Amino acid sequence: MTRQKHDVVEDYDGSYKFAPITEAEVSRAMIKRYMTTMYERAISDVVIVGAGSAGLTCAYTLASLRPDLKITIIEANVAPGGGAWLGGQLMTPMVIRKPADRFVRELGIEYEDEGHFIVIKHAALFTSTLLSKTLAFPNVVLMNATAVEDLIIHPDAKSQNQRVGGVVTNWTLVALNHDTQSCMDPNTITAPVIVSATGHDGPMGAFSAKRMVSAGLLKELGNMRGLDMNRAEPAIVNGTREVAPGLVMTGMELSEHDGSNRMGPTFGAMIGSGIKAAHEAIRIWDS
Ligand code: AHZ
């Protein structure tokens, strides 16, 4: 590998020097940008809840089709990517069934073709590429370490039917401590379209599906069924839709909403569902 001019070996002979900085400059550099982002994104065009494979695919597709939309991703974890840092169990290769390989080619990721499916050598190659390409879009903002802890639901101006019109957020460490601390009020982000991609049930998962039940927007949870790759993947992609006015659901959260099967370690459905969710978001935005 050829060395770049700015990385010359001579710098490392003990004379390496940094440009000067003050601690306050560092704080202000972060605060100014982050708080300006919070201020601007308090009104977003589309909020995507959850930066797993489905949420990130949705964000990438939406950003590439609609550079005019302010897309805000809220991720509870410090590390975005959800379960897509590994293929399955603790093994690294990632299996993707065709025709979702089209998206992998669009991202420019190398893979091995196994006929009906492809294999990427490491799931982290897929997730890091998708994440970096998504974040490179100027209209995409990611707020991680931030949990969505409620939905904004109000009557639609025209129909008076209940409509999801935003999310209620808090730092994840605060959201996890509501039982141990006195009331720590959250913040809000309004948007005409919310895409929920919070995965199947877990400490935080299936968030919107569960909230829909307690808010009276859904009678009961379907609850995710047992593993069946052949039934699960088409059910998730074809079932990706606006599940309540203003709320699109994608990825494995849908299995809890609809009572469909899980597919285990095959990721084609997360890609297909994320792409479909982006188109649903555009349809709602344009209507
Ligand atoms: O941290 C969660 C994860 O990164 C995030 N999340 C969950 N609740 C949240 C909340 N606020 C903000 N209240 C929240 N973020 O959502 C992300 C979900 O990613 P995931 O990878 O768990 O879900 P996915 O639907 O994108 O991908 C599922 C992948 C699976 S699971 C599965 C099986 O079990 O059979 N098979 C596949 C392919």
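Readers should treat all values here as calculations from the given coordinates under stated rules, not as data from a laboratory. Treat the numbers as computed from the prediction; the structure is a model and nothing was measured. Cβ sites come from the backbone with ideal geometry, for glycine too, and all protein chains shown count toward neighbours.
Annotations
- Dipole magnitude (debye, nearest 20) for the chain, charges at Cβ of Lys, Arg, Asp, Glu: 480
- Largest GNM mean-square fluctuation among ASP150, ASP13, ASP179, using the chain with Cα springs under 10 Å: ASP13.
- When trypsin sites (Lys or Arg not before Pro) are flagged only if DSSP places them in a loop and at most 11 other Cβ atoms lie within 10 Å, the longest unflagged stretch of the chain comes out as 18-157.
- Shown for VAL167, VAL193, VAL119: other C-beta atoms within 10 Å of each C-beta, ranked fewest to most, produce the order VAL119, VAL193, VAL167.
- Most mobile listed residue (ASN223, ASN177, ASN139) in the chain, GNM with C-alpha springs under 10 Å: ASN177
- Just checking the listed ones, SER260, SER214, SER15: in the Gaussian network model of the chain with Cα springs under 10 Å, the one fluctuating most is SER15.
- Amide H within-cut-off set for ASN144, under 5 Å, with H built and near neighbours excluded: GLU75
- For the chain, calculated [θ]222 nm from helices alone, where every DSSP H run of n ≥ 4 adds -39500 (n - 2.57): -10500 deg cm²/dmol
- Global form of segment 190-235, assessed from the alpha-carbon gyration tensor, a/c cut-off 1.5: prolate
- Cα gyration tensor category, rounded, prolate or oblate, for segment 55-120 with a/c compared to 1.5: oblate
- Prolate/oblate/rounded call for the chain, Cα gyration tensor, a/c under 1.5 rounded: oblate
- For LYS133, the lysines whose Cα falls under 23 Å of its own Cα, not counting residues fewer than eight places away in the same chain, are LYS70, LYS98, LYS121, LYS276.
- Shown is the FRET efficiency for ARG33 and ASP113, computed with R0 = 51 Å from the Cβ-Cβ distance and rounded to the nearest 0.05: 0.75.
- Ascending count of other beta-carbon atoms within 10 Å, so fewest first, for ASP185, ASP201: ASP185, ASP201
- The GluC sites (Glu not before Pro) found in segment 111-192 that occupy coil by DSSP, while having at most 15 further C-beta atoms within 10 Å, are GLU114.
- Residues VAL140, VAL46, sorted so that the one with the fewest Cβ neighbours within 10 Å comes first: VAL140, VAL46
- Each of LEU176, THR36, HIS122 was placed along the dipole of the chain (beta-carbon charges, centred on the mean Cα), and the one lying farthest toward the positive end is THR36.
- Extreme residue, positive dipole direction of segment 1-98, given options GLY52, PHE18, ILE96 (C-beta unit charges): ILE96
- Gap separating the Cα centres of segment 206-273 and segment 124-144, nearest whole Å: 23
- Amide H partners (placed H, <5 Å) of GLY165, local residues excluded: ILE152, ILE153, HIS154
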